[in-house]
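The values are calculated or read from the model by the stated rules, or taken from the named source; none is laboratory data. This structure is a prediction, so every number in the text was calculated from the model and none was measured. Virtual Cβ from ideal backbone geometry, glycine too; neighbours counted across all protein chains shown. With ligands, DNA and RNA removed, areas are computed over all heavy atoms of the protein, side chains included. Shrake-Rupley method; radii C 1.70, N 1.55, O 1.52, S 1.80 Å.
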Number of protein chains: 2
Amino acid sequence: MTAPMINARDIDFLLYELFDSESLCNRQRYQDHDRTTFNEVINTAKQIADKHFLPIRNKLDNQQPTFDGKKVHLIKELKPALDALQESGIPSATADYEFNGMQLPPIIANVAGAYLTIAGGTALGYSMLTTANANLLQAHGSKELIEKWVKPLREGRYAGTMAMTEPGAGSGLADLTTTAIKSEDDSYKITGNKIFISGGDHDLNENIVHLVLARIKGAPKGTKGISLFVVPKFLVSDDGSIGKQNDVALAGLFHKMGGRAQTSTALSFGEKGGAVGYLVGEENKGLQYMFHMMNEARVMVGSGAAAIAVGGFQYSLDYANNRPQGRLPSCKDPHSPMVNIIEHADIKRMLLAQKAYAEGALALVLLGSQLSDDEKTAETDEAKAHAHTLLDFLTPIIKTWPSEYGPKANDFAIQVLGGHGYINEHPVEMFYRDNRLNPIHEGTTCIQSLDLLARKVPMNNMLGYKAILAEFTKTIAAGNAEPSLAAYANQLAEALTTLNKTTDFLLKAMGTENIDLVLANSVQYLSMFGHIVISWIWLKQAVIASAALKEELHINEQQFYRGKLQAMQYFYRYELPQINHWSLLLTTLDDTTYQMNTDWF
Amino acid sequence: MTAPMINARDIDFLLYELFDSESLCNRQRYQDHDRTTFNEVINTAKQIADKHFLPIRNKLDNQQPTFDGKKVHLIKELKPALDALQESGIPSATADYEFNGMQLPPIIANVAGAYLTIAGGTALGYSMLTTANANLLQAHGSKELIEKWVKPLREGRYAGTMAMTEPGAGSGLADLTTTAIKSEDDSYKITGNKIFISGGDHDLNENIVHLVLARIKGAPKGTKGISLFVVPKFLVSDDGSIGKQNDVALAGLFHKMGGRAQTSTALSFGEKGGAVGYLVGEENKGLQYMFHMMNEARVMVGSGAAAIAVGGFQYSLDYANNRPQGRLPSCKDPHSPMVNIIEHADIKRMLLAQKAYAEGALALVLLGSQLSDDEKTAETDEAKAHAHTLLDFLTPIIKTWPSEYGPKANDFAIQVLGGHGYINEHPVEMFYRDNRLNPIHEGTTCIQSLDLLARKVPMNNMLGYKAILAEFTKTIAAGNAEPSLAAYANQLAEALTTLNKTTDFLLKAMGTENIDLVLANSVQYLSMFGHIVISWIWLKQAVIASAALKEELHINEQQFYRGKLQAMQYFYRYELPQINHWSLLLTTLDDTTYQMNTDWF
């Protein structure tokens, strides 16, 4: 296993050349940090990934969790690995000092997480979900709830889950039916079935804290009648000692195509009269709380997808550099030595595509992390508000683009390895399976596209749309200032014209045409916007690379920047032009799918 | 499991409306047959699929073959299923009567195989490879070899394999190193290692006949020094009794992402001095023989890919018809009942895409089967030659298009099911995994694209190219004659102009530019040609559907034909326009990948 998980030079480039993360240390929250401490944390993550997760990656995939009717069984190597991770403090890297955190910027934690995700896959989910659960409780729970549940979650003694999906309510949370009835002691009795609950049962921790969406008896229908509850696996006394088992039963495990390190469970609440639950915040505001953290979760999904794309790219690159096979078309001499497959144009195409997808996606999700930081810690209120606007607008794209193009990158990784890519001696087929969940969970691609087109674009008089367009325009100006990039800057400017024209058309149509028809191609709109965002991010990288190449550089540095320019060129030549076709479908209100009668299939 | 494997109405349409298979019965070879016997065989295949393979499909996937160091273990239900299949005679459906065959047309056998593939996946491979092995031996082996090996293969007593790939020679067969040394008794001693040998070891049959490519000592380098040998697992006496084990050892099993019903093995020949092998045909002509059957194998790969695409389409269609979730964007009332997800425009898009891909691919591979029949049994020599020309030209497309778009169809099937598509309670994630092998084996997509652009297009003064263009032109004329189809016929005519312009450009460039650069985007050329072929096939279907709709029809029939028209429309609106982008890359000789320096990654 000689392939690096990530090109460390690219991480330096993204953090310190593209995003200027070092300047974050000027902010009060990060005043104890500097580039050295940032890199130390990243390095620690890399070491834990190397030492504890890479060696068991294959086993976690092959020996998925089993349920014997009583208990869930996981491979025994998992707990020590998760313990090592917990001990490093990385799961709480971004949390406040007072909650045992390191007060690190989210962008640094995201990079640390990328290494861990490539090596540990969904095994990291146990830890990440626990952190997310604690964050939500801390933001919206009462002091009492925080005291009782957040502390052991942060310490890694308890694990956390999110229990939303039900057999009859997946994408449509409005229709969930789990009920809550108030008891005399102000707790609630929870009854209902939840499915696809990641980490829903296991023996890794003393206790599991489920955050459960349920409807209090008599609450309004739809999304406005949903409340959020803490429902622990074991009840806990006031002195913190673990009490008897709550009325939560494991109904079964799902066997997934990928992400096999983490249990996916069906949980049954209240089979024996009602599981004890504690209301988080106010009644009927559960979905609001959940959505607050859902944005975080969506950036997280995009980040995982980007990391797995990077992992596959690096692995297949290493393979292509070391696997001799065949000769170039121009060579007709069978006595000549074979070339390494990286010399073949089509292998280079599949590697360039992966580089363009994976490094573009990684830059995008790091931007997402930076914006989530800026909205809280930027110097001015104006800057905070601006970051909030951009993040809110970009979230469906940050979630979706890496989730759609990450699997495509992994598909190319398999193809680069050929037959060897199809067997589990190499991790690329696992990456491909793991990554396939990402366009589904935390809001499918279609859900994200409706969020973008029907909500985010028109919202606040197009505030978010205008804000991101202004960013594009700045980068176009920078690109135009560099003669070798002017053609690409112009191409992006043309793409913006197309985007504006398409958007104007659709917004007008929303007022005059059948809304179901106008939104029928929303996924194409998201595809178009996503490709433009990634083109913008690549142009930003190219501006930096071009400037760097004007200096005297070590050959390795020259090669690195040249690679950035070539990947940008790949994206502009092979990918960006597709938006014209998507725009055409949108601006003609193509009704092929809308008019398709369900009886005609 | 209420979903049909295939829409039987579509099979009738393809066989008896699109391809006029009934008229085959006028050919002498098929004189004993009529539509009834055709349908009986298809029905038998469907029944075997239903009864013997569907019930064990999931188990075959979950309990992949294991190797305890001595023996391979398969689930016990597999042998009775394969025995039932063998007993039905379907594996030899197309063989001559004198070899226990049914003398059925390949197009009928292909449909029978589609049902079996959807239900049995690669379990069918044991049988299909055995048939292919027997066909090759029968075509190129001596009378002696045929007598000794083909008979028990046809009877299902022996199994057959093809042993080509080596650890150092996958796509580049020219570099294979397995050696053969002639013994005194005219047999050979074979020494070398083979990998990815499907069905390479198991206990399902009395014996296994490996067809092994090897280089006779002193043979020329490259592809011109390769010979083909029969190397049995057990030696066989002249009286047909099984003798001692040959020097062939199972070195290990590969664990594949999909296609898990069939063992994929590493075989070691000659560890104890040399495995006994018998030369097939003449020395150094092995690759030629293998290629003879490779064309058949390539149509077979495309057929498998198309079948799995159809299976996923039908399954997800059934799911979408029965799964309530959410409401249309125009409905804001949470009290209104949920709709079945098939009502959502984006679900319809993903189903239409699957229909366009899957039924388009199925029509294409049936055309391949029909051409392989026509080249042998058509009425005139001219018709035979014409069929040969078309099949030879189309083979890279028949292999590749279904292999590339079948997995895309399965990807949509997963997305239609959402989280449920990601777990193994439903077969769509298995289809997705199974289908992913198809762009790799029997010549990768890149290999096929080089075959098309560098060989098939210029060959024989562009005979094949001109022949298929003439077919397109006929269908355009038929489309133009129907006013409701004229726009699509024009769109296809424009696509042909683009294709001709692109092809002319490339052929000229081959004479003047660096050949490695000219071929750098060969995959884009194959993509373009493939999309045009599928557009042509859809227009052919639309012409028939439009004519049918002029008659008075039962409502079900009307709906069926409307669906055909809408799927055609989908392909023309959403897919065909992509060729313009591919053409641009080709006609500008885009050098992005070619110029990418391997050190820049």
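Quick notes
- Filter result for A:Q415 (modelled with pLDDT of 95 or more, touching a Leu at 6+ places or on another chain (Cβ under 8 Å), assigned to a helix (DSSP H, G or I) and within 14 Å of chain B (Cβ to nearest Cβ)): no
- Boolean, A:A545 is open to solvent by less than 10 Å² (accessible area, probe 1.4 Å), under 17 Å from A:P402 (Cα atoms) and among the small types (G, A, S): no
- Scanning segment A:279-290 turns up at least one residue that is part of a helix (DSSP H, G or I) and within 17 Å of A:F196 (Cβ to Cβ).
- Here A:H441 fulfils each of the conditions (1) away from chain B (no Cβ under 11 Å); (2) outside any helix (DSSP H, G or I) apart from (1).
- Residues of segment A:457-485 that turn out to be more than 21 Å from A:L549 (Cα to Cα) and not hydroxyl-bearing (S, T, Y), as a count: 16
- Hey, B:K376 farther than 20 Å from B:A114 by Cβ and in a helix (DSSP H, G or I) or not: yes
- Residues satisfying the stated conditions in segment A:144-159, i.e. open to solvent by 10 Å² or more (accessible area, probe 1.4 Å), out of contact with any Pro (no Cβ under 9 Å at 6 or more places or on another chain) and under 17 Å from A:D96 (Cβ atoms): A:I146, A:E147, A:K151, A:E155
- In this structure, B:D50 does not satisfy being outside any helix (DSSP H, G or I) and of a type outside the set (K, R).
- Hits in segment B:444-466 - residues which are open to solvent by 40 Å² or more (accessible area, probe 1.4 Å) and either touching a strand residue (DSSP E or B) at 6+ places or on another chain (Cβ under 9 Å) or within 14 Å of another protein chain (Cβ to nearest Cβ) (or both): B:I447, B:L450, B:A454, B:R455, B:P458
- Test: residue in segment B:330-341 that is crowded, with 24+ Cβ neighbours inside 10 Å and more than 7 Å from every other protein chain (Cβ to nearest Cβ): yes
- Residue selected from segment A:305-326 under the condition facing chain B (nearest Cβ under 9 Å) and open to solvent by 50 Å² or more (accessible area, probe 1.4 Å), by the criterion nearest to A:T117 (Cα to Cα): A:N321
- Looking only at segment B:169-224, and only at residues there that are basic (K, R), more than 21 Å from B:H292 (Cβ to Cβ) and part of a strand (DSSP E or B), the one that is most open to solvent (accessible area, probe 1.4 Å): B:K182
- All positions within segment B:139-160 that are among the aliphatic types (A, V, I, L, M) and without any contact (Cβ under 8 Å) to a residue 12 or more places away in the chain: B:I146
- Which numbered condition A:D12 fails, given (1) of a type in the set (D, E); (2) open to solvent by less than 70 Å² (accessible area, probe 1.4 Å); (3) not in a helix (DSSP H, G or I): (3)
- Residue match in segment A:467-490 (condition: in contact (Cβ under 8 Å) with a residue 12 or more places away in the chain, part of a helix (DSSP H, G or I) and within 13 Å of another protein chain (Cβ to nearest Cβ)): yes
- Filter result for the condition that a residue is assigned by TED's automatic domain parsing to the domain that holds A:G218 and in a loop (DSSP other than H, G, I, E, B), over A:A261, A:A266: A:A261
- Among the residues examined, A:T598 does not qualify as under 30 Å from B:Y357 (Cα atoms), more than 8 Å from chain B (Cβ to nearest Cβ) and without any contact (Cβ under 8 Å) to a residue 12 or more places away in the chain.
- Residue in segment A:325-335 that is without any contact (Cβ under 8 Å) to a residue 12 or more places away in the chain and assigned to a helix (DSSP H, G or I) present: no
- Matching residues in segment B:29-47 - criterion: being assigned to a helix (DSSP H, G or I), in contact with a helix residue (DSSP H, G or I) (Cβ under 8 Å, 6 or more places away or on another chain) and within 15 Å of B:T94 (Cβ to Cβ): B:R29, B:Y30, B:F38, B:V41, B:I42, B:T44, B:A45
- Filter result for A:P407 (of a type outside the set (S, T, N, Q), open to solvent by 40 Å² or more (accessible area, probe 1.4 Å), within 14 Å of chain B (Cβ to nearest Cβ) and farther than 19 Å from A:F13 by Cβ): no
- Some residue of segment B:266-277 being in contact with a helix residue (DSSP H, G or I) (Cβ under 8 Å, 6 or more places away or on another chain) and either more than 30 Å from A:V428 (Cβ to Cβ) or acidic (D, E) (or both): no
- Search result, residues across segment A:342-354 that are facing chain B (nearest Cβ under 7 Å) and touching a Leu at 6+ places or on another chain (Cβ under 9 Å): A:I342, A:E343, A:A345, A:D346, A:L351
- Within segment B:237-266, the set of residues being under 30 Å from the mean Cα position of the chain (by Cα) and more than 14 Å from chain A (Cβ to nearest Cβ) comprises B:V248, B:A249, B:L250, B:A261.
- Pairs linking a residue in segment B:512-540 that is within 13 Å of B:D591 (Cβ to Cβ) to a residue that is of a type in the set (S, T, N, Q) and surrounded by fewer than 23 Cβ atoms within 10 Å (Cβ to Cβ), with Cβ atoms under 6 Å and 6 or more positions apart or on different chains, are B:D516/A:S330.
- Checklist (1) within 13 Å of another protein chain (Cβ to nearest Cβ); (2) more than 24 Å from the chain's Cα centre (by Cα); (3) open to solvent by less than 40 Å² (accessible area, probe 1.4 Å) applied to A:E513, failing item: (3)
- Count of segment A:279-304 residues which are closer than 16 Å to A:D434 by Cα and away from every other protein chain (no Cβ under 14 Å): 4
- The one condition from (1) away from chain B (no Cβ under 14 Å); (2) at pLDDT 95 or above; (3) within 24 Å of A:P65 (Cα to Cα) that A:K194 does not meet is (1).
- Qualifying residue in segment B:531-554 (condition: in a helix (DSSP H, G or I), at the interface with chain A (Cβ under 9 Å from one of its Cβ atoms) and not charged (D, E, K, R)): no
- Residue that is modelled with the lowest pLDDT, among those in segment A:60-85 that are open to solvent by less than 60 Å² (accessible area, probe 1.4 Å) and not in a loop (DSSP other than H, G, I, E, B): A:V72
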